Every structure is written in structure tokens, then in C-alpha cells.
Amino acid sequence: MIASLKRVIGAVLAGFAVAAVAQAPAVGVQAPNFQLLDQSGKLRRLEEWRGQWLVLYFYPKNDTPGCTTEACNFRDDWVQITALGAMVVGISVDSTASHKEFSEKYHLPFPLLADLKGEVAQRYGAISDWKVFKFAKRNTFLIDPKGQVAKRYLSVNASTHSAEVLADLRQLGAGKRP
């Protein structure tokens, strides 16, 4: 009886969660293209950052503790990141209005992109779809100046992630002239 009850509960819970079909792009492959609106309503495309390093980070929800910590750490490391020739871009399924409020509240100097349908997060293997709601996983991709994934971080620690990205940008040679 208990075993069959566990199977039924498991099946019901599995029905609520839909696993992301796409896998996170592998290191060395071309980063999936996108075009999304930022917090100012400007359409932004991946190719806009071609020729420089890009820290593309996905996060679950504006103004939640972990997401605020992660965004503010990227903000606080902004000067060091840009000195290495890199740009930071955040993506979540929140609206442009929510991004605008979040960005202004915490004085974020980088774009936040609204992936309302979760389609870009899906292409990056960074979506949790529970049918009744979707949110982006806390994943980050370092994209090199040629548009290829140089490093990927799956399920990051919001408190230490910006420092980890900075160290990896240095290790990968960001900011060095050929």
C-alpha cells in the first residue's frame, strides 16, 4: 500500500515538473543566439558583444535574496570585469518592468534581459519549467570574443560566483592583447 502510494505521489509530482529538453551548451561550441529586450526596452542580441568576453548569467527571480546577492556582486566587481574586456548580462523570465525596478534599486550597470517565455534559457539548458510557472536556473556561461562558450557554471553559489568568474576570466587570458 505505501509503495503504491509513493508511486502515485511520484507520478503526480513528475507531472508538475517538465525537465528542460535542451542541454547546456558544451565548452567550445558556438553560444546559442538570442534577441531579448533589456530593462530599458532596448532589443539586445548576442552578436552585440562579439569581439569581447561576455558573462551571460541566468538567475531565477529579481529581488530575491540569492539573485540580489549575485547581481550586486557582479555590480561590485564591475570595474575589474570591464577592465578585462568583459561585459555582464543577466537573463531571467521576469518582465522588463521588473528588471527596470531591480536594476534601478540596486544600481546595476549592466543589462538585464527579459526572457518571458523562457526560450533563451531553454536553449542554454537553464530553465526549470513547473507547468504553472517557469524560472531560470542559476547558470552562467563565459562566452569568448569569437562567440564560443569558454566556460560554463551550472548551479552556482550566488555569494562567491562573481569572484569565481573574475578568476576564470584572468586564467582564460581575458584582457590580454594577442
- Message: Restricting to the range 162-178, count the residues that are farther than 16 Å from residue 51 by Cα and crowded, with 21+ Cβ neighbours inside 10 Å.
- Response: 2
- Item | Residue tally, condition in contact with a strand residue (DSSP E or B) (Cβ under 7 Å, 6 or more places away or on another chain), open to solvent by 20 Å² or more (accessible area, probe 1.4 Å) and free of Cβ contacts under 8 Å to residues at least 60 places away in the same chain, over the range 79-94 | 2
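So, residue 82, is that one in a helix (DSSP H, G or I), at pLDDT below 95 and over 15 Å from residue 126 (Cβ atoms) or not?
Taking the combined requirement at face value, the residue does not satisfy it.
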- Message: Suppose we filter 151, 146 for residues that are charged (D, E, K, R), assigned to a strand (DSSP E or B) and closer than 17 Å to residue 31 by Cα; which single one remains?
- Response: 151
- Message: Whether any residue in the range 50-58 is farther than 19 Å from residue 142 by Cβ and of a type outside the set (Gly, Ala, Ser) is what I want to check.
- Response: no
- Task: For residues that are open to solvent by 10 Å² or more (accessible area, probe 1.4 Å) and in a loop (DSSP other than H, G, I, E, B), scanning just the range 95-110, find the one that is farthest from residue 63 (Cα to Cα).
- Result: 109
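The values are calculated or read from the model by the stated rules, or taken from the named source; none is laboratory data. Note that the coordinates shown come from a computational prediction; the quantities given were computed from them, not determined experimentally. Every residue, glycine among them, receives a Cβ derived from its backbone with ideal geometry; neighbour counts consider all protein chains shown. All accessible areas refer to the heavy atoms of the entire protein, side chains included, with ligands and DNA or RNA removed. Shrake-Rupley method; radii C 1.70, N 1.55, O 1.52, S 1.80 Å.
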